[in-house]
Structure formats: C-alpha cells, structure tokens
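The values are calculated or read from the model by the stated rules, or taken from the named source; none is laboratory data. Computed from a predicted structure; not experimentally measured. Cβ placement follows ideal geometry from the backbone for every residue including glycine, while neighbour counts extend to all protein chains displayed.
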Amino acid sequence: MSDAPIKQPDGMALAKSMELLHRLVTDRGILASASSVSNYSRVWARDAVMCGLAGMLAGDEKIIAGLRASLETLATYQGPAGEIPSNVQFDEADATAKVSYGGLCGRVDAVLWFIIGVCQYVHWTNDMAFFRQMQPALQKCCSILDTWEFNRRGLIYVPQGGDWADEYILHGYVLYDQLLRVWALRGFAALANAREAAKQARHLAELIQVNYWPRRENETSKWVYHPQAFRAYLARQHKLQFGLASLTPGGYALQFDALANALSVLLHIPDAAQQASVLDHGQEILRSLPVKMVPAFWPPIQPGEPGWAELQVNFKDQFRNAPYQYHNGGVWPMVNGWWGMALCAANRRPEAQELFSALVDFNRQDKVGTGWGFYEYAHSRTGELGGTREMGWSAAATV
C-alpha cells in the first residue's frame, strides 16, 4: 500500500481544519463544535476522541493535549457501574458540570470510544503513567461491556439509539458497536499485555465474521448466534455485498451502514474478497449521488415502509430523519473521513482522492457566507447543508 499523502485540492483544507480543531481545545477537553448551540459546546466522548485521533495523525501537540484532557474529564464523571458520559458541559461561572449519559437511552459507544481514546493516546505518547492512572476507569468499562452482553455469548446488546445514530432505528447486536469493541480490546490487550482481552478480541472478531456476513459454509458453525435468523437470511438467495447493520431476536437489519463497514475494513474483520465487495458497494452508492459522498445508512426509509413509524417518534426536540437526511440517508463528513481511510487501506487511492476532494468541497460550503462551515451533514440528493455548523469531527474527517 502506498503511503503517499492524499493531495489537497487548494492547500487550504488541512489548515482550515486544524484551525477549527485548535479553537475547540479547552482545558477540560475538546468541544464538539465552535457553534453557540449549547448542546454542542460540550466535551462529547466520541467527538473528542475522533478529533484527538486526527490530532495524533497530524502530530499536533495542542490537540493531543486536548484529547488527554477530554479523557480525564470523562473518567472523572464515569458512572458508578462503569458508564462513560455521552457528554459533559461546564458552567464556567460556577465551575459546575452537567453530565449526560444519553438522551432517550444511554450511549453504549461512549464507553468504547473512551477505551479506544485512552489506548491510542498511550500508544502514541508512550505515557504508561497515564495508562496506569486510567486503569480503574478502564477496568470498570470492560466490566460494564461484559454486563451488556446479558447472555454472556460475546456480543453486546445495544438499545435503539444507543450510539452515534441516536435518532435512527438500529438496535440489538449492532455491527458498529461490536467493531468498536474489537478495536478497544485489541488496544487494551496490547498495552496491558492482557491475554484474556486478546483472546476475547479474537473470539469477537470471529463472531462478527460469521454472523454479519452470513454464508452457506458457516451455516453449521458453532459461532452462529441466531440459527433461525441465519437460515432465514440464506433463504433469501441474496448476494451479500457488505456486513449487515444489526442482528436482533427478530432477525437481521439489512441496511448498509457505511461507518461500520469502513471500520470492518480498517480492522481487517472480513476477508479480502469481502473487503473489496464492501468498498465496491459503498462506491456504487456514492457514484449514484450528486454529492459524491457515501451516506451514513442506505437505502433511506421511506414513508409507509417498515421502520418509518419508529423513525418518526425517535427524537427529543425535532424530527430530522426525512428521507435522504440526517441518519436516514444523509451524508456526513465524519462518516466519509472513515470511508476514505478504508479506501486508502485497500490501496484504492484514486477513489480516496476523489472522495477527499468532495469532502473538502463540502466543508468549504457555508450558509452564513464566510466560508468553511464544516457542517454536520447534508441532504444526499440536493446537497442542502444541515445540522450544526463548525463541527469538530467534520474538520477531523479532512485530517
């Protein structure tokens, strides 16, 4: 695989991204957005870690320090059972903190991103003293993840809206969260020389490979989690091109989850042929859209289709999941940053270069007219910008 960097179309993309990320760094951690929207002027677990990963890739000491501060904040406000805050908001006037562990339900992926963040920070800095400092929090995280298996069979069970796609309909054994756990376990095992964690990571990777890419040759495998659902899927005689989004007692969710499938490629869970198929499928969708970016989930759920009624009520303040928008087929720079990394990992650099150009064009747009809006998402058919402006993880996607 070539290590040549992706070329910047105008030389400004990286500079503007780093400039925004620097503005988000505080002594309490990395904020999600520079916008005045109160819900985003907080240290969010997943956002802060993604921005911190970008900072480490860029070798930027300010952002790396911001990641450490974020992790310390999250550990400070860890719940008694091991749950990591979804976000923490500080009132500088009286130095108090408002801690959220989720909205309509708790956030499973906050725990996973915290473990990943600690392990990647320590791997980058070689700061084993910090790893030892975080050990109590990490052990509680591992314990609650074991608990969230419920049946002790290896996969964590995620409530509807229990991760980044908080207003979407996925629940159950969600692929994205299982993949994050593999990454977290691998990182922890490497730093702690923890044989049991390494064994658990290998077993989980095998469970994912067997159950989210159902194949006839695995029908009798002892690792098939839900034999009835597995056989029902095989009976469809459908050529599987990607890892399925979720498994529940009621069967498989058949959506294409771009972020999960990108992570599966980066973590080398599917075999080489499956990885190629995953990327081919995502690129086919991308090429069909005028924005030339891959949507978060596809196809969109349309009015009257299964899942639409659930989608219409799964929000707290405002419905945003009309077809081709938000989680329901919208395009997100954050998701496309991971997708681009997967393309690079597979040595598909011309496609990665095209995606980078589309991502830069997206981030350069601004509804208020000053340029470089770094919006949260856009309508995948019209390109209309949506969500919060000056999002850190949209900038991190460029890096």
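Number of residues in region 114-173 that are part of a loop (DSSP other than H, G, I, E, B), at negative phi and more than 22 Å from the chain's Cα centre (by Cα) equals 3. Check whether at least one residue in region 105-112 is assigned to a loop (DSSP other than H, G, I, E, B), under 20 Å from the mean Cα position of the chain (by Cα) and within 27 Å of Arg23 (Cβ to Cβ), and report yes or no. Looking through region 105-112, at least one residue is assigned to a loop (DSSP other than H, G, I, E, B), under 20 Å from the mean Cα position of the chain (by Cα) and within 27 Å of Arg23 (Cβ to Cβ). Any chance region 201-212 includes a residue that's acidic (Asp, Glu) and either over 25 Å from Gly103 (Cβ atoms) or modelled with pLDDT under 95 (or both)? So far as region 201-212 goes, yes, one or more of its residues are acidic (Asp, Glu) and either over 25 Å from Gly103 (Cβ atoms) or modelled with pLDDT under 95 (or both).
Candidates Ala75, Ala69, Ala81: the one that is over 18 Å from the mean Cα position of the chain (by Cα), more than 20 Å from Glu167 (Cα to Cα), assigned to a loop (DSSP other than H, G, I, E, B) and among the hydrophobic types (A, V, I, L, M, F, W, C) is Ala81. Among the residues making up region 11-52, those that are surrounded by 22 or more Cβ atoms within 10 Å (Cβ to Cβ), among the charged types (D, E, K, R) and either without any contact (Cβ under 8 Å) to a residue 24 or more places away in the chain or in a helix (DSSP H, G or I) (or both) are Arg46, Asp47.
Any chance you could count how many residues in region 230-249 are of a type outside the set (A, V, I, L, M) and without any contact (Cβ under 8 Å) to a residue 12 or more places away in the chain? First the steps, then the outcome.
Taking region 230-249 and keeping what is of a type outside the set (A, V, I, L, M), we get 230-231, 233, 236-239, 241-243, 246, 248-249.
So of that shortlist, the ones also without any contact (Cβ under 8 Å) to a residue 12 or more places away in the chain come out as 236-239.
Within region 230-249, residues that are of a type outside the set (A, V, I, L, M) and without any contact (Cβ under 8 Å) to a residue 12 or more places away in the chain number 4.
When Arg348 is tested against (1) modelled with pLDDT under 95; (2) of a type in the set (D, E, K, R); (3) crowded, with 17+ Cβ neighbours inside 10 Å, just one condition goes unmet, and that condition is (1). Within region 353-397, the set of residues being farther than 16 Å from Ala296 by Cα, out of contact with any helix residue (DSSP H, G or I) (no Cβ under 7 Å at 6 or more places or on another chain) and hydrophobic (A, V, I, L, M, F, W, C) comprises Val368, Met391.
On the stretch given as region 288-327, residues that are of a type in the set (S, T, N, Q) and in contact with a His (Cβ under 7 Å, 6 or more places away or on another chain) total 2.
For His379, are the conditions met, namely being at negative phi, surrounded by fewer than 24 Cβ atoms within 10 Å (Cβ to Cβ) and touching a residue at least 12 places away in the same chain (Cβ under 8 Å)? So His379 fits the description; yes.
Looking only at region 51-78, count how many residues are of a type in the set (Lys, Arg) and touching a Lys or Arg at 6+ places or on another chain (Cβ under 7 Å).
Here is the first cut: in region 51-78, the residues of a type in the set (Lys, Arg) are 62, 68.
Going one step further and asking which of them are touching a Lys or Arg at 6+ places or on another chain (Cβ under 7 Å), we end up with none.
Final tally of qualifying residues: 0.
Only one entry of Thr125, Thr147, Thr96 meets the criterion of being at pLDDT below 95 and hydroxyl-bearing (Ser, Thr, Tyr), and that entry is Thr96. Checked against the criterion of being within 20 Å of Gln228 (Cβ to Cβ) and within 18 Å of the chain's Cα centre (by Cα), region 193-206 has no qualifying residue. When we screen Ala75, Ala65 for residues that are of a type in the set (A, V, I, L, M, F, W, C), out of contact with any His (no Cβ under 7 Å at 6 or more places or on another chain) and more than 28 Å from Val158 (Cβ to Cβ), the only hit is Ala65.
Can you name every one of the helices (runs of 4 or more DSSP H) wholly within region 327-399 that holds 3 or more residues which are of a type in the set (D, E, K, R)?
Details: elements: 333-345, 349-364, 392-398.
Filter on region 327-399 gives 349-364.
Just checking, does region 214-229 include any residue being among the β-branched types (Val, Ile, Thr) and free of Cβ contacts under 8 Å to residues at least 12 places away in the same chain? Within region 214-229 (the criterion being among the β-branched types (Val, Ile, Thr) and free of Cβ contacts under 8 Å to residues at least 12 places away in the same chain), the answer is yes, since at least one residue qualifies.
All conditions in (1) touching a strand residue (DSSP E or B) at 6+ places or on another chain (Cβ under 9 Å); (2) surrounded by 22 or more Cβ atoms within 10 Å (Cβ to Cβ) hold for His171, with the sole exception of (2).
Screening region 242-276 for residues that are within 21 Å of Leu112 (Cβ to Cβ) and of a type in the set (S, T, N, Q) and picking the one that is surrounded by the most Cβ atoms within 10 Å (Cβ to Cβ) gives Asn261.
If I ask for residues that are farther than 19 Å from Leu180 by Cβ and either of a type in the set (Asp, Glu) or touching a strand residue (DSSP E or B) at 6+ places or on another chain (Cβ under 6 Å) (or both), which ones from region 233-253 would you list? Explain how you work it out, then say what you get.
Residues of region 233-253 that are farther than 19 Å from Leu180 by Cβ, as a first pass: 233-241, 249-252.
If the condition is that a residue be farther than 19 Å from Leu180 by Cβ and either of a type in the set (Asp, Glu) or touching a strand residue (DSSP E or B) at 6+ places or on another chain (Cβ under 6 Å) (or both), then Tyr233, Tyr252 are the ones that fit.
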